[in-house]
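Here the structure is laid out as structure tokens; the discussion comes afterwards.
The values are calculated or read from the model by the stated rules, or taken from the named source; none is laboratory data. Note that this is a predicted model, so its numbers are computed, not measured. Note that we place each Cβ from the backbone using ideal geometry, even for glycine, and neighbour counts take in every protein chain shown. All accessible areas refer to the heavy atoms of the entire protein, side chains included, with ligands and DNA or RNA removed. Shrake-Rupley method; radii C 1.70, N 1.55, O 1.52, S 1.80 Å.
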Amino acid sequence: MVSSADIDILDNLEEHLEPTDLEDAVDRPERTLSAIEFRDVHLAFDDKVVLDGVSFTVRRGETKLILGRSGGGKSTTIRLILGLLKPDSGRILIDGEDITDYTEEEMMDVRRKIGMVFQEGALFDSLSVYENVAYRLREQGVIDEEEVEQEVRRMLRFVDLEEAIDKMPDELSGGMRRRVGIARALVGDPEIVLFDEPTAGLDPPTARTICQLAIKLRDLQDVSSIFVTHEMNNLKFLSSEYATVDRDGQVIYEKEGEKLCLINTEVLMFRDGKIIFSGSDERLRASDDEYIQTFIHGHKP
Amino acid sequence: MNPFAKFVDELQEVSLLLWGVVSGLFRPHRYPGEIIRQMDLIGVGSLPIVLLTGFFTGGVLVLQTFPTLQYYGIHNESGRSVATSLVRELGPVLTALMVSGRIGSAISAELGSMVVSQQIDAMRALGSDPLKKLVTPRLIALVIMLPLLTVAADVFGIIGGGTVASYIFDQDVNVFLTSVRHGVTTEDVLGGIIKPVFFGLIIGGIACHKGLSTTGGTVGVGRSTINAVVLSSIWVIIFDFFLAKAIQSVFGVGVI
């Protein structure tokens, strides 16, 4: 059976999925720009160095998985992209636009392109699920209630939580809060979505659901994203599965293999504010670095 | 950081916060609905405790001063005594202290919880400025409602004083009220309304700053709340002295 959510996804497919060949890059030069770029970014809090010369690029439609232990600079990277923190030195570019020295007001326009999913959801306690998801629309001055409701329901359908529309955040489970957080982040169809440990503390099936939402965004909506995590299961799902739509219009998840090899997901590993690895998950697993192997297996090799 | 440097740092932070609010008033994106909500919460919500405080303060003032005034034979002036004390000093200061305890703590705890649960970051990420959305409405509400609450406390204080004078000391109500009317001047009333405006800025500025600078999880929220109430109460009392002196110089209130 084709659900209305799936029809929406198909509509989005038609709107957003474009061939990424050279001809298209010539026709649409903005596609050749990186979605996010860090150039030699340094940041320290008093004597503690948090980021030490970090450089990386997130291409359009790509998902960058940032791995690393707590306190390694992963969440700080995301906060820098949103302009919630400023680097001590180095440059940060969003869509080819250097945002490093932007004021809070200038950042407001940049933030419209970015959706952010926080660790615990960070839902506004005093607002219902509906109002939480509608928050960005209201801030942007959308006053037509019908339009707001339509968009809120579309986003809640995307995360499969339309029935929770009238609930308050304290009535939701941890996984539901994260999904509402994702719906809220996706309002306005941002080109970039940042996930800050969205599966921390969740049971494996719920964590998988969250990963599938990220996969769906990456493969069906052409969204560029950064997915910060320290859980190896997330790496497994995101770097080996892809979303597609079957003949009935249903979203299905398949494993990469003979039919397709995923090249739109790469891994960055942080250690003490430095990137010690950048590349595919296969190369990560094959690395002979002791720190990486300890991180992957949970013990020294 | 040594205590003096810390004090200067905090003063700078609160000043910058207040300046941010003032300069933000002239830019678009205001939240009138939130201002009304805060006025209701701060003003209407604090009314019962402020009225109760005013009534019993007025009552106890007459209870304590009436015998002394009677000793000197000027007990007919008990209304003047209670009214000037209330309108000039006790009304504004006690109201500010009550509001500081009730609202300063609430603001600091609410903003602090929002900081530690990343709701402030989420707000910024979703395109709104927490200064405009959270701080400005609270400060405006405090600056408008605190003078109104003070007037209510003054009136109930005089009613409390009159009640005690009438029922305990058998003083005629008209004598008490005439004494009040003769005792309180327009300058007294003006001074008593100007003070709470500054107290509102002090309470709101300190509570919002403490809340927004919360660190250290839920323990940090508790710490911020305590600091907000203690600091705003102390600064209300210290500032009251300087305000009283300034009002005295400008209006000549209290100068014989």
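Observations, loosely collected:
- The residues of region B:125-143 listed by number as losing at least 10 Å² of accessible area in the complex, against the isolated chain and with a 1.4 Å probe, are B:125, B:126, B:127, B:128, B:129, B:133.
- Note on residue A:236 and residue A:113: their simple-model spin labels are 3.6 nm apart, each label 7 Å out from Cα toward Cβ.
- FRET efficiency for the pair residue A:248 and residue A:280, taken as 1/(1 + (r/R0)^6) with r the Cβ-Cβ distance and R0 = 35 Å, rounds to 0.60.
- Linear extension gain, residue A:127 paired with residue A:45, 0.36 nm per residue minus alpha-carbon span: 26.2 nm
- Ranking A:172, B:122, B:81 by Cα position along the charge dipole of the protein assembly as shown, where only Lys, Arg, Asp and Glu carry charges on their C-beta atoms, puts B:81 farthest toward the positive end.
- Counting only protein heavy atoms and a probe of 1.4 Å, the accessible surface of region B:30-247 is 71% carbon and sulfur.
- Computed over region A:115-189: relative contact order in percent, which uses C-alpha pairs under 8 Å that are six or more apart: 54
- Estimated buried accessible area (total), pair A and B, 1.4 Å, Å² to nearest 100: 1700
- Partners of residue B:245 within straight-line reach, counting lysines whose Cα lies under 28 Å from its Cα and excluding those fewer than 8 residues away in the same chain: B:6, B:195.
- Computed [θ] at 222 nm, deg cm²/dmol, chain B (DSSP H ≥ 4; -39,500 (n - 2.57); rounded to nearest 500): -26000 deg cm²/dmol
- DSSP-defined antiparallel bridges as percent of all bridges, chain A, nearest 5: 60
- Out-of-range pairs (alpha-carbon distance over 28 Å; input A:113/B:210; A:113/B:132; A:167/A:216; A:74/A:300): A:113/B:210
- For region A:180-187, putting each phi into the Karplus relation 6.51 cos²θ - 1.76 cosθ + 1.60 with θ = phi - 60° gives couplings of 5, x, 5, 4, 5, 5, 8, 4 Hz, in residue order, rounded to whole numbers and with x for Gly and Pro.
- Cross-link pairs beyond the 29 Å C-alpha cut-off, checked among A:64/B:133; A:64/A:86; A:86/A:236: A:64/B:133; A:86/A:236
- Within the protein assembly as shown, DSSP assigns beta bridges of which about 60% are antiparallel (rounded to the nearest 5).
- Per residue, the accessible area of region A:115-189 comes to 41 Å², computed with a 1.4 Å probe over protein heavy atoms only.
- Computed over chain A: relative contact order in percent, which uses C-alpha pairs under 8 Å that are six or more apart: 24
- 1.4 Å probe, heavy atoms, protein only - residues of region A:64-84 losing at least 20 Å² accessible area vs chain alone: A:79, A:84
- Contact order, relative form, for chain B: 32 percent (alpha carbon pairs under 8 Å, 6 or more residues apart, mean separation divided by residue count).
- Between residue A:88 and residue A:140, the simple spin-label model (points 7 angstrom out along Cα→Cβ) gives 3.7 nm.
- Residues along region A:109-128 losing 30 Å² or more of accessible surface when the other protein chains are present rather than the chain by itself (probe 1.4 Å): A:111, A:118, A:122, A:124
- Cβ-Cβ distance of residue B:237 and residue B:44, R₀ of 30 Å, FRET efficiency by 1/(1 + (r/R0)^6): the value works out to about 0.70.
- Charged-residue dipole, Cβ positions (Lys, Arg, Asp, Glu), region A:115-189 about Cα centre, Debye nearest 20: 380
- Per residue, in Å², the accessible surface of region B:30-247 once ligands and nucleic acids are set aside, probe 1.4 Å: 43
- Share of carbon and sulfur in the accessible area of region A:115-189 stands at 43%, probe radius 1.4 Å.
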